[in-house]
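Readers should treat all values here as calculations from the given coordinates under stated rules, not as data from a laboratory. It should be emphasised that the depicted structure is a prediction, and the values quoted were computed from it without experimental measurement. As a convention, Cβ positions derive from the backbone with ideal geometry for all residues, glycine included, and neighbour counts pool all protein chains shown.
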Amino acid sequence: MTPRIQDRTLKAISLLLGYPTTELQQAMPQIGGLLASETRLTGAQRRALRPLVEQLTSGDIYDLQEQYVALFDRSRSLSLDLFEHVHGESRDRGGAMVDLLETYRAGGFEPVTTELPDHLPVLLEFLATQPPRTARDILADAAHILQALAERLERRESPYAAVFVALIQLASVKPDAGAVAELLAEPETDPDDLEALDAVWEEAEVHFGPDPNAGCPISRDLLARMDPPAPHAAE
């Protein structure tokens, strides 16, 4: 059984970073209200999240889905698979993936998704079930990746950039400037047509995790599993 949600904000952000659905749109008033009252974020950061919340609340669902795919599925430089930015397709990525999956299981969490364990929405769903210090430490480890993604999204004037900045604030850490610069120095050589993109991902495809027939990872009852508020565990 998946452990109870301890951090509803991380759960909400995992939903924001998922593929847009009508179910997500219906839940946006609740999600937006939660983020607007999150005192761990600065007032400026809560305001910075509003454009994305408003877009996901009232935007045309097909436009939202197309924009999401263009950003996160067709662009390896914006991939939500975190190890893509650290290990690429090296053998180290497989070992890191196994270690992360073991971390999930040790925390009583079994991902029910076709996504890889390092997929950011999956990681956030896990962290939402963990003690606050554990969640902060793991987010802090990824802070340089989150900062690089935020800056790349800001260049594209995407409201999703604010989500990554918010995650860094929740981690209570300042990303290592050198590590961020190293990531940003990598050329953004994303394929510019679908045929080329398919060829790239076919070469990079990794089969890992549960049953691939489990259905769309974004519609895996995430909204139904939004738990009622629960007090944070003592650190």
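Tabulated results
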read-out: GluC sites (Glu not before Pro) within segment 132-172: DSSP coil, no more than 15 neighbouring Cβ in 10 Å; value: Glu157
read-out: Mean-position separation - Cα centroids, segment 23-47 and segment 155-190, in angstrom; value: 20 Å
read-out: Cα centre as origin, Lys/Arg/Asp/Glu Cβ charges: segment 8-133 dipole, Debye; value: 600 debye
read-out: Residues Asp60, Asp7, Asp73, sorted so that the one with the fewest Cβ neighbours within 10 Å comes first; value: Asp60, Asp73, Asp7
read-out: Residues whose placed amide H lies under 5 Å from that of Asp81, excluding near-sequence neighbours; value: Leu120
read-out: Extended-chain gain in nm, criterion 0.36 nm per residue less alpha-carbon gap, Thr57 and Gln25; value: 11.0 nm
read-out: Segment 102-150 shape via C-alpha gyration tensor axes, a/c threshold 1.5; value: oblate
read-out: Karplus (6.51, -1.76, 1.60) ³J(HN,Hα), θ = phi - 60°, over segment 131-145, in Hz, Gly and Pro reported as x; value: x, x, 5, 4, 4, 5, 4, 5, 4, 4, 4, 9, 4, 5, 5
